[in-house]
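Here's the structure, in structure tokens; my notes come after.
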Amino acid sequence: MTERVRQLPFVQSAGLTMKVPLGSGDTLEQTFQVGEQERTHTLPVTVIDDGYFSAMSIPLLAGQGFRRIDLERGTDVIISQHASATLFGDPVGAAVVGKRLRLASSGLAYTVIGIVGDVREQSLATQPAAMVYRPLVVPTDPIAEPATRRNMALVVRSSGSMDTPVSAIRRIVH
């Protein structure tokens, strides 16, 4: 569906997410262990696809974004700048790319492949929160990890009037 939406001539980018900022949707929380000291931090986690950051104009600050769905790389994560500061003490995040964090519940390890700008998830009146982004892949451990939800949201960046994109996208979804 997302690939077909991306092919529409007026669509600049499109992506999927479990939760739209300032809107509805699921955000899970998971507890991560960082470093040798076994410190733990509980942070919100959401599942996205490779087009989400572009569609939402969320800047990639360091590293790389997710590539097309690659089931072999389900242990890559991208974190927000605030998460970089919270987890690793690095508010810029450039030195965090390549570092590892583990799920406290299962010990499953993830590699940070990118740092993105912070997003105000709950309200424009509150400061951005830390966020961990997981790719839209089959989870390595379905019990411990967030997986694709049936109620994912499609986000689209387009040009021109909204009437044409909305009706064309509805036809694709239907």
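Does S80 satisfy the criteria of being at pLDDT 90 or above, over 12 Å from the mean Cα position of the chain (by Cα) and under 30 Å from P165 (Cβ atoms)?
Spelling it out, it is not the case that S80 is at pLDDT 90 or above, over 12 Å from the mean Cα position of the chain (by Cα) and under 30 Å from P165 (Cβ atoms).
So, in the stretch 1-53, of the ones that are of a type in the set (S, T, Y) and in a loop (DSSP other than H, G, I, E, B), which residue ends up nearest to V116 (Cα to Cα)?
Step by step, filter the stretch 1-53, then rank; the result is T27.
Checking V112 against (1) hydrophobic (A, V, I, L, M, F, W, C); (2) surrounded by fewer than 19 Cβ atoms within 10 Å (Cβ to Cβ); (3) not in a loop (DSSP other than H, G, I, E, B), which single condition isn't satisfied?
With (1) hydrophobic (A, V, I, L, M, F, W, C); (2) surrounded by fewer than 19 Cβ atoms within 10 Å (Cβ to Cβ); (3) not in a loop (DSSP other than H, G, I, E, B) applied to V112, the lone miss is (2).
Can you name the residue in the stretch 54-63 that is under 14 Å from Q81 (Cα atoms) and in a loop (DSSP other than H, G, I, E, B) and is also least open to solvent (accessible area, probe 1.4 Å) among such residues?
Residue satisfying both the conditions and the ranking: I58.
Which pairs have Cβ atoms under 7 Å, sit 6 or more apart or on different chains, and link a residue in the stretch 161-174 that is within 11 Å of V11 (Cα to Cα) to one that is surrounded by 10 or more Cβ atoms within 10 Å (Cβ to Cβ) and among the polar types (S, T, N, Q)?
What qualifies is P165/S158.
The values are calculated or read from the model by the stated rules, or taken from the named source; none is laboratory data. Being a predicted model, the structure only gives us computed values, none of them experimental. Glycine gets a Cβ as well: all are built from the backbone with ideal geometry, and neighbour counts include every protein chain shown. To get the accessible areas, we keep the full protein, side chains included, count just its heavy atoms, and leave off ligands, DNA and RNA. Shrake-Rupley method; radii C 1.70, N 1.55, O 1.52, S 1.80 Å.
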